[in-house]
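Report on the following structure.
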Amino acid sequence: MKHVWLYLSRGDIETERRQCEEEGRDLMGLHEAFERVAALDLEDPAHQPAAEHLLDQTIEAPMRADYPYVEPSSLADIRPLRPAGAEDNSLTLTDAELEDRVYGAWTGRCVGCLLGKPVEGWRRPRMWGYLKDTSRWPLADFFRYDVASDDVRRRYSLNPESPFGDRVSWMPEDDDTNYTTTGLAIMERFGPGFTPEDVANFWLTDIPLLHTCTAERVAYRNFALLIGPPRSATHRNPYREWIGAQIRADFWGYAAPCRPDLAAEFAWRDASISHVKNGIYGEMWAAAMIASAFVASDPVQIIEAGLAQIPARCRLAEAVNRVLGWSRTGKSYDEAVELLHGEWNEENGHDWCHTISNAMVVAIGLLWSEGDFARAICRAVQPCFDTDCNGATVGSIMGAALGRRALPSAWADHINDTLHTGVAGYNVVNLKDITRATLCQIERVARS
């Protein structure tokens with residue numbers, strides 16, 4: 001049984017080293033231990049205890065005295081570190097407008113996810129080469145299989161079973177939309193007062209272990225060992241700041257429209273079972289942006305509403321503010337993408353799947369969208385990195401800001417209001433129906 005993420009690999013050991021260095025841990029006394037464990041055959045179960053012991057040591061390593069960031073993981077410690085001016089807005093939408101925005105958010109998330117899904121894992125040479133060789137550069141439509149010649153299909157290893165836009169006319173099951181649906185199911189079962197422990201228990205009862213990845217699978221394994229939140233996020237978890245929590249943010253923004261502070265709190269309760277620090281902040285930032293998008297359409301205002309809910313002196317805030325600076329100083333979209341790739345190496349799994357690199361992609365998609373839904377999701381997918389996650393997050397924000405009626409029919413109608421999920425009771429759902437279910441939960445939250 002060598003299921004990835006159920007045992008520690010050599011790659012995990014290198015990821016742990018990077019993670020510790022980035023979060024400011026002093027590893028001076030552990031360099032030899034890292035080299036020794038990295039040299040072992042970790043596919044041999046006999047060597048797993050050595051790797052586990054190393055991770056037990058790293059999580060106890062002291063912080064460097066010169067570390068410039070302040071990055072707590074508890075909600076009580078996060079809140080005082082937010083920039084001044086964090087506040088909720090009044091819900092001024094009519095019932096019909098709110099329904100349209102929620103419907104738009106669900107639709108936008110599905111459409112953005114579907115756009116990026118067939119090319120998840122593709123790096124720039126492959127994606128950009130495919131687009132240029134099929135005369136479809138820059139990206140402006142769903143990826144398609146049938147537009148490619150046999151030579152192009154071979155050159156770029158196109159899989160006809162992948163959900164290309166000309167192969168599916170619904171949103172297939174995907175972890176990005178599974179977790180959005182999971183948020184609804186958690187709120188329905190436990191109500192607005194749900195706790196991190198409720199989220200953990202929901203996973204154990206309703207989500208198969210092997211449907212989870214990276215930090216989520218580590219946390220799930222910890223739950224089974226009776227290691228509950230928040231320790232479930234830190235125990236032998238090299239992925240604790242990867243993107244997994246950020247992709248779980250959306251429903252918390254839907255449930256608290258115009259209330260970014262509450263959306264961020266909901267997101268913290270969810271994220272803290274599997275992530276720490278910037279892994280948590282990514283979910284709080286995204287949820288707050290979505291909540292804000294119900295009444296704000298300006299990308300800068302939406303992004304800053306998200307930043308208002310996380311520590312001002314964290315790496316995520318610094319990185320997103322850097323992207324805001326690129327926009328303010330007149331950098332072009334292509335220049336922004338090049339600057340991003342200069343900071344993060346897409347060939348490295350840690351860089352490709354980290355919260356911060358992908359949050360920067362989300363910010364780029366929004367800031368260079370010119371308020372256009374199609375341009376936003378395409379500009380969130382074209383930089384590569386985690387394409388389906390970033391397309392989904394940007395699609396969700398734009399859908400909430402614009403509403404379903406304003407979404408281009410060529411995109412929104414393509415999926416025929418149909419979402420497939422792996423969540424029990426929601427295997428095939430109609431987006432109008434799930435919108436109505438979400439509205440019920442918004443009312444429930446408002447009464448709480």
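The values are calculated or read from the model by the stated rules, or taken from the named source; none is laboratory data. Keep in mind it's a predicted model, so treat the numbers as computed, not measured. Positions of Cβ are backbone-derived with ideal geometry, glycine not excepted, and every protein chain shown enters the neighbour counts. Heavy atoms of the whole protein, side chains included, go into the accessibility calculation; ligands, DNA and RNA do not. Shrake-Rupley method; radii C 1.70, N 1.55, O 1.52, S 1.80 Å.
Can you spot a residue in segment 387-402 that is outside any helix (DSSP H, G or I), touching a residue at least 12 places away in the same chain (Cβ under 8 Å) and crowded, with 23+ Cβ neighbours inside 10 Å?
No; the residues of segment 387-402 include none that is outside any helix (DSSP H, G or I), touching a residue at least 12 places away in the same chain (Cβ under 8 Å) and crowded, with 23+ Cβ neighbours inside 10 Å.
Is there any pair with a first residue in segment 351-368 that is closer than 20 Å to Y333 by Cα and among the hydroxyl-bearing types (S, T, Y) and a second that is open to solvent by 10 Å² or more (accessible area, probe 1.4 Å) and not in a helix (DSSP H, G or I) whose Cβ atoms are under 7 Å apart and which are 6 or more apart or on different chains, and what are they?
The qualifying pairs are S357/W344.
Inspect all residues belonging to segment 345-362 and state whether any of them is among the acidic types (D, E), in a loop (DSSP other than H, G, I, E, B) and within 16 Å of the chain's Cα centre (by Cα).
no
Given the conditions (1) open to solvent by 10 Å² or more (accessible area, probe 1.4 Å); (2) part of a loop (DSSP other than H, G, I, E, B), which single one is not true for D334?
For D334, the failing item is (2).
Please determine whether any residue of segment 279-300 is farther than 28 Å from E370 by Cβ and either touching a Lys or Arg at 6+ places or on another chain (Cβ under 7 Å) or open to solvent by less than 30 Å² (accessible area, probe 1.4 Å) (or both).
Yes, the conditions are met somewhere in segment 279-300.
Please go through (1) surrounded by fewer than 17 Cβ atoms within 10 Å (Cβ to Cβ); (2) hydroxyl-bearing (S, T, Y); (3) within 15 Å of the chain's Cα centre (by Cα) for T329 and return the number of the only condition it doesn't satisfy.
Going through (1) surrounded by fewer than 17 Cβ atoms within 10 Å (Cβ to Cβ); (2) hydroxyl-bearing (S, T, Y); (3) within 15 Å of the chain's Cα centre (by Cα) one by one, T329 breaks only (3).
Under 6 Å by Cβ, and 6 or more places apart or on different chains, what pairs join a residue from segment 333-348 that is farther than 9 Å from F385 by Cα with one that is aliphatic (A, V, I, L, M)?
A336/I364; L340/M360
Inspect all residues belonging to segment 106-124 and state whether any of them is open to solvent by 20 Å² or more (accessible area, probe 1.4 Å) and among the hydrophobic types (A, V, I, L, M, F, W, C).
As a first pass, look at segment 106-124 and keep what is open to solvent by 20 Å² or more (accessible area, probe 1.4 Å): 117, 120-121, 123-124.
Adding the requirement that they be among the hydrophobic types (A, V, I, L, M, F, W, C) leaves none.
No, segment 106-124 has no match at all.
Which of the residues that make up segment 211-256 are open to solvent by less than 10 Å² (accessible area, probe 1.4 Å) and part of a loop (DSSP other than H, G, I, E, B)?
T212, N237, P238, Y239, R240, E241, I243, G244, A245, A249, A256
For segment 18-38, enumerate the residues that are assigned to a helix (DSSP H, G or I) and without any contact (Cβ under 8 Å) to a residue 40 or more places away in the chain.
Hits for segment 18-38 are E21, M28, G29, L30, H31, E32, A33, F34, E35, R36, V37, A38.
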